[in-house]
Amino acid sequence: MAATPHASTAMAASRRSWWLKTLHRWHWISAAVSLAGLLVFAATGITLNHAAQIESTARVSVTTGTLPAELSAGLAGVPADAPLPVPVARWLADTHGIRAGGRAGEWDELEVYVSLPRAGGDAWLAIDRETGDFEYERTDRGTVAWLNDLHKGRNTGAAWRWFIDLLAVACVLFALTGLWLLWLHARQRTSTWPLVATGVVVPVLLILLFMH
């Protein structure tokens, strides 16, 4: 038996209601998950765009010392590009707060050099293989530089890069569910598609007219 017009209308209304509830649920979930990240990335987008106008003074700190004799002896016979021996890395971390474990070193006959780039700054460690004397230099370029590096995923580690990827997925979900909700409500809101078109056309025009 064919469905009556009334039954068909009721089914369509029920289906629309289900989609509205589902889309609203995923829209607010994706918004909640990405809220903090969106705020940080939007703010750092401004600081990155005006990096030349935002002055920052780099602070450099230098730590020097000498490894214990038994640890210095452990630097002999280490292959090129190997990380520091675990006891050496542990002693540096426990004694001087220098976290250089697991980083590939540049070894030659005289010294080992370990580059330690970090978000918002830089650092390096050099150890004399014969005497055990070491020098550690750390550069801190400030909070804004740190936030900018978080935005770019520069020297932030694998965990933060995964977070950026997941945040991007949440933002895409937020945008797509929002677009779908706009489509469902477009009949009652006549300005919907002109506003959507403006959001698409304006950046395209800026690219075509002002970027060379």
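Every number in this text was worked out from the coordinates using simple rules, so none of it is lab data. Computed from a predicted structure; not experimentally measured. Cβ sites come from the backbone with ideal geometry, for glycine too, and all protein chains shown count toward neighbours.
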- Note on the structure: Taking Cα atoms, the helix 158-185 axis meets the longest principal axis of the chain at an angle in degrees (rounded to 10) of 10
- Message: Suppose each label sits 7 Å from its Cα in the direction of the beta carbon; what would the residue 43-residue 204 distance come out to in nanometres?
- Response: 3.4
- Counting only C-alpha contacts under 8 Å and six or more residues apart, can you give the relative contact order of the chain as a whole percent? 23
- Lys and Arg at +1, Asp and Glu at -1: add these up for the other residues within a Cβ distance under 15 Å of residue 183 and post the number. +4
- Counting only residues 5 or more apart in sequence or on a different chain, those whose built amide H sits under 5 Å from that of residue 156 are none
- If you add up the charges near residue 80, with Lys and Arg at +1 and Asp and Glu at -1, over every other residue whose beta carbon is less than 10 angstrom from its beta carbon, what do you get? -3
- Amide H contacts of residue 120 (H built 1.01 Å from N, under 5 Å, at least 5 apart or other chain): 149
- Task: Could you run the Karplus curve 6.51 cos²θ - 1.76 cosθ + 1.60 with θ = phi - 60° over region 198-203 and give me ³J(HN,Hα) per residue in whole Hz, x for Gly and Pro?
- Result: 4, x, 8, 6, 4, x
- Compute the long axis of helix 143-152 from its Cα atoms, compare it with the longest principal axis of the Cα atoms of the chain, and write down the angle in degrees, 0 to 90, nearest 10. 60
- Item | In Hz, Karplus ³J(HN,Hα) per residue of region 63-71 (6.51, -1.76, 1.60; θ = phi - 60°; x = Gly, Pro) | 10, 10, x, 9, 5, x, 4, 5, 6
- Task: Using only Cα atoms, locate the centre of region 155-212 and the centre of region 59-84, then give the distance between them in Å, rounded to an integer.
- Result: 50
- Give me the number: length gained by fully extending residue 175 to residue 66, i.e. 0.36 nm times residue separation minus the C-alpha to C-alpha distance, one decimal in nm. 33.7 nm
- Give the span of region 1-150's Cα atoms along each principal axis, as three whole-Å numbers ordered largest to smallest. 93, 44, 24
- Query: When the Cα centres of region 86-113 and region 15-42 are compared, how far apart do they sit, in Å?
  - Reply: 46
- Note on the structure: In the neighbourhood of residue 66 defined by beta carbon distances under 13 Å, the net charge of the other residues (Lys, Arg +1; Asp, Glu -1) is -4
- Check residue 66: other-chain or 5+ apart residues with amide H under 5 Å from its amide H, H built from backbone geometry? 134
- Ranked highest first by average number of other Cβ atoms within 10 Å, how do 60-68, 140-148 line up? 140-148, 60-68
- Item | For region 120-137, Karplus couplings with θ = phi - 60° (6.51, -1.76, 1.60), whole Hz, Gly/Pro x | x, x, 7, 6, 8, 9, 10, 10, 6, 6, 8, 9, x, 5, 9, 9, 10, 10
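Quote the Stokes-Einstein diffusion coefficient, in whole µm² s⁻¹, for region 59-141, based on the Kirkwood radius over alpha carbon pairs, a temperature of 20 °C and a viscosity of 1.002 mPa s.
D, rounded to a whole number, is 169 µm²/s.
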